1. What number goes with the only condition from (1) within 11 Å of the ligand (Cβ to nearest atom); (2) more than 18 Å from residue 212 (Cα to Cα) that residue 169 does not pass?
2. What about residue 162, is it within 16 Å of the ligand (Cβ to nearest atom) and over 21 Å from the mean Cα position of the chain (by Cα)?
3. Can you name every one of the strands (runs of 3 or more DSSP E) wholly within region 194-312 that holds 2 or more residues which are free of Cβ contacts under 8 Å to residues at least 60 places away in the same chain?
4. Tell me whether region 181-198 contains one or more residues that are at positive phi and more than 16 Å from the ligand (Cβ to nearest atom).
5. Out of curiosity, is residue 291 at pLDDT 95 or above and under 24 Å from the mean Cα position of the chain (by Cα)?
6. When you scan region 232-253, do you find a residue that is within 16 Å of the ligand (Cβ to nearest atom) and within 18 Å of residue 64 (Cα to Cα), even just one?
7. Of all residues in region 139-156, which are away from the ligand (no atom under 13 Å from the Cβ) and within 16 Å of residue 285 (Cβ to Cβ)?
8. Taking the criterion of being in contact with a strand residue (DSSP E or B) (Cβ under 7 Å, 6 or more places away or on another chain) and outside the structural domain of residue 382 (by TED's automatic domain parsing), would at least one residue in region 186-201 satisfy it?
Ligand SMILES: Cc1ncc(COP(=O)(O)O)c(C=O)c1O
């Protein structure tokens, strides 16, 4: 194929896309599924492939579609912006309405005290800024993160990440230490709910005392670890960790890239389930419903530490992305997604727990709102990681018209994060199709 001559002004076929990806892109561009999924059309919670097959999307990009694919309100706002010849691009050095609208909308949803916003292109970039600001405000350097965390793919954020699979580029920045993962299914201390003394929370203090100068700039935490496998720490974990961070003079940064804007149900941000207000929050993914945009919100006094400093990114005031994020937040508020996520999340969780009783490979079911993880194992007693089983369940689900994701260091956690516009019927359908996929996998891999 003469690539450049043949591609003008037409849609490429599945084969052409694969060939170009293979020959002209980095090999890190890989695909899910044995037979790659070529997505041709999407509407709300539905996706269609190049052969016209319809799928119920229970992953939403990767935890990214919140209001819904191609939500009509978002489409119409972007279309009219362009039809009116409003600027396709401008930076924050000129005035433009969407970026101000977005700042006002976002800070209308954030807790008291967190009312100063800045926009970025992605979650990684928001976290880079969080670390920069934490250091600037405290005039200290060291940062604490958690084992198995994921905070982004840039040099600084990869230094925070604690999963070897992402850190192949070698050592990152210095001054970052990792405390234990608060994982109740695989507790480092072998504790059970009735014997748990929150050793994982105390490990944050131990980490500060043994691996830092004792004077930290801050700690960055996901309220529910996302890429790490949808780990939901015990409720009491966060207040204790918050107190420890304060004791050592740091600021508490909540990475809400996956947990933000209502997905965890009940609250707009995942950290708020835990009875603490962080000093800073970062977000992306569902915040823009697929637009490449991230955000940081923080306290006045922390924001003020930037006075007189230059900090800029070209697209921080980008009208298309900010219109999409602003309209997304407006839709999420009007459609009361916090309640819907809580209600449908419970429905899916209870269906999955029923399924777990008879399944040989469902080791753990956990989650908050529409952020649900199912940890697959080869043996419920030994908890050997069900990596192969997870891949197979993904394939079987796809064959039944259901798109789901995976995560965890060992790739053995199924992730369900459907767009927040799903209906009760969709929630039941997710459980039914997932159940069928698990049973088919058990049969195929000889568990019956
Ligand atoms: C919790 C968390 N933080 C940060 C990021 C990085 O966001 P982005 O991929 O938009 O740079 C991710 C991405 O998966 C994430 O899950």
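The values are calculated or read from the model by the stated rules, or taken from the named source; none is laboratory data. From a predicted model like this one, the values you see are computed outputs, not experimental measurements. When we count neighbours, we look across all protein chains shown, and the Cβ atoms used for this are built from the backbone with ideal geometry, even at glycine.
1. Going through (1) within 11 Å of the ligand (Cβ to nearest atom); (2) more than 18 Å from residue 212 (Cα to Cα) one by one, residue 169 breaks only (1).
2. So residue 162 fails the test.
3. Result: 251-255.
4. So far as region 181-198 goes, yes, one or more of its residues are at positive phi and more than 16 Å from the ligand (Cβ to nearest atom).
5. In short, yes.
6. no
7. Matches in region 139-156: none.
8. Scanning region 186-201, I find no residue that is in contact with a strand residue (DSSP E or B) (Cβ under 7 Å, 6 or more places away or on another chain) and outside the structural domain of residue 382 (by TED's automatic domain parsing), so the answer is no.
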